1. Report, by residue number, each residue of region 182-205 that is surrounded by fewer than 17 Cβ atoms within 10 Å (Cβ to Cβ), of a type outside the set (Val, Ile, Thr) and touching a helix residue (DSSP H, G or I) at 6+ places or on another chain (Cβ under 9 Å).
2. Does region 259-278 hold any residues that are within 15 Å of Ala60 (Cα to Cα) and touching a Phe, Trp or Tyr at 6+ places or on another chain (Cβ under 8 Å), and which are they?
3. Which one is most open to solvent (accessible area, probe 1.4 Å), of the residues in region 219-249 that are touching a Lys or Arg at 6+ places or on another chain (Cβ under 8 Å) and modelled with pLDDT under 85?
4. Does Ala191 qualify as being at pLDDT below 85, within 30 Å of Leu76 (Cα to Cα) and part of a helix (DSSP H, G or I)?
5. Residues in region 326-369 that are among the β-branched types (Val, Ile, Thr), under 25 Å from Leu295 (Cβ atoms) and free of Cβ contacts under 8 Å to residues at least 60 places away in the same chain: how many?
6. Within region 201-216, does at least one residue satisfy the condition of being under 26 Å from Ser409 (Cα atoms), at pLDDT 80 or above and part of a loop (DSSP other than H, G, I, E, B)?
7. Looking at region 15-37, I want the residues that are of a type in the set (Gly, Ala, Ser) and have a partner that is open to solvent by 80 Å² or more (accessible area, probe 1.4 Å) with Cβ atoms under 9 Å, at least 6 apart or on another chain. Which pairs are those?
8. Any chance you could count how many residues in region 388-412 are open to solvent by 10 Å² or more (accessible area, probe 1.4 Å) and in a helix (DSSP H, G or I)?
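The values are calculated or read from the model by the stated rules, or taken from the named source; none is laboratory data. Note that this is a predicted model, so its numbers are computed, not measured. Methodologically, a virtual Cβ is constructed for each residue, glycine included, from the backbone with ideal geometry; neighbour enumeration extends over all protein chains shown. When the accessible area is computed, the model is the full protein with side chains, heavy atoms only, and any ligands, DNA or RNA have been set aside. Shrake-Rupley method; radii C 1.70, N 1.55, O 1.52, S 1.80 Å.
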Amino acid sequence: MSEESSTTTTAEERTLESTPMWAVATVCFVLIFVSVFLEHLIHLLAQYLQSKRKRSLIQALDKIKSELMLLGFISLLLTVTERPIANICIPKSVAETFLPCSSWESSEEEEETNCIEQGKVSLLSREGVRQLQYLIFVLAFFHSLSCMLTFALGMAKMRRWEWWEAETRTLEYQFSNDPRRFKLVHQTSFARRHLTCWSDHRLLRWPACFLRQFYNSVSKVDYLTLRHGFIMAHLSEGSTFDFQKYIKRALEKDFGVVVGISFWIWIFLVIFIFFHAHGFHNYLWLPFFPLVMLLLVGTKLQGIITKMCIDSNDKSNVVRGTLLVRPSDHFFWFGRPKLLLHLIHFILFQNSFQVAFFTWTWYKFGFRSCFHESTEDIVIRFTMGALVQFLCGYVTLPLYALVTQMGTSMRGAVFTENVRKGLKRWRATARKNLALRDPYAPRPWLDASVRSLDASVTSLDASVTSLDAYSPSFSLDASISIDLGHPDLESSIAPETMDGEKNSDPKTVEERPKKGSFDGFVI
């Protein structure tokens, strides 16, 4: 018996001194090969997104790579500090508080020698540190997977919006929404959907909005009406602006925010881990928390659509063409449409943590471990995780993508990548030509113009979150006019539509009517 115990101990304590070098070299080769292969796959994905001109998705991919780097650093830090953490000794009475299981049996083989001599236990054993590394990696994997699955479900549902957008270019749609035709508000389909007996009573309105998100959350009339309100508020009446592609670009940019794990998200991770102690009975309330928040966000989004309809009805009972809704930030919580995105980010992370923790404990400790002693715990966690994932991707996300465009200002996604690159190239060429003429001649107007140009193009490149600061309501047609107010700076770029299509009009930018330019927005 003693010989077997000695053999087991020797096998467990085997080091590189007693390990064949071919085995070490083989393991190193496999690890390096897998790492290089995964890096090459990520590089190919980045090249594919670059060819498709998906700049927002490339930024999201860069954020995922930065998160992987952070996880690698955390893993390295835990590996280096494994022994010091295990050497921190605490009393046994303290170690028996807030346990994840109802019963606990300490194993002296896992404790450090100095802690055993003091009659104490380690703060976190070496095996516990290794298991914590696995939990963090599983959590990051499930969070990225959950975000991608959510946005895939949302994009799948929003495919029908392409048909609705194409319908706006038909003669039938233009005839039925002719601005020369007048009708009462209650005669429109949008008003019949939202102006009912419960609309004027808040106690009845919110339950109705809560139930509406489960059936036809984004209807065709909602999409067309909100599209018309957006174009009338920010563009020109009758514009052929592709609202569906704009929403898609904005949603791709939001994906880069949701897929990341910020500092405050890590803080919530620590809190979630703490509440998995046995005494909190977290399976009775923690899995329901993301579901309640998700339903609250969906109800708020439906309520915003109804409130915009009520606001339009209060201002005028007669409609010219299509019912006009007026986008405004005051419809949103604290006047911040972006707050809903952060709430969705938190919901997805919390749901990912529930699924990741369940999967990790199942793999490490078995299906019927002390983490999941009751059948109700398993059923609740699995059901809530799947339900939140489906509702967030297929119901709430499309609703968020549409309604959050109804803020006071447009977003930077209104400009396509081609337009952004064209503006940058034009700016670089203009500044180069001006510098080559007479660099020593004083031109006070030049400095002001170039500063205005730099500030404008930089804001377009980063995020156009407050275009209304230049003009509360400006018009945008198929061309972009650039005028710096001096003959030496007169230049034009090829007129390009918002969707990257060339304009066949042979007129120059200066010859175009004023309606087709930014009114008061100087680049």
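1. First, pick out the residues of region 182-205 that are surrounded by fewer than 17 Cβ atoms within 10 Å (Cβ to Cβ): 182-184, 186-187, 189, 192, 196-198, 200-204.
Checking the rest, the ones that are also of a type outside the set (Val, Ile, Thr) come to 182-184, 186-187, 189, 192, 197-198, 200-204.
The answer is Leu184, His186, Ser189, Arg192, Cys197, Trp198, Asp200.
2. Kept after step one, since they are within 15 Å of Ala60 (Cα to Cα), are these residues of region 259-278: 259-262.
Matches in region 259-278: Ile261 only.
3. Residue satisfying both the conditions and the ranking: Thr240.
4. Details: at pLDDT below 85: yes; within 30 Å of Leu76 (Cα to Cα): no; part of a helix (DSSP H, G or I): yes.
So Ala191 fails the test.
5. 1
6. Narrowing region 201-216 to residues under 26 Å from Ser409 (Cα atoms): 209, 213.
After this cut, where a residue has to be at pLDDT 80 or above as well, the list is 209, 213.
With the extra rule that they be part of a loop (DSSP other than H, G, I, E, B), the set shrinks to 213.
Yes, there is a match, as at least one residue in region 201-216 is under 26 Å from Ser409 (Cα atoms), at pLDDT 80 or above and part of a loop (DSSP other than H, G, I, E, B).
7. Short answer, once both residue conditions are applied: Ser18/Thr10.
8. Our first condition is that a residue be open to solvent by 10 Å² or more (accessible area, probe 1.4 Å); within region 388-412, this holds for 389-391, 394-395, 404, 408-409, 411.
This time we only want the ones that are in a helix (DSSP H, G or I), so: 389-391, 394-395, 404.
Of the residues in that region, 6 qualify.
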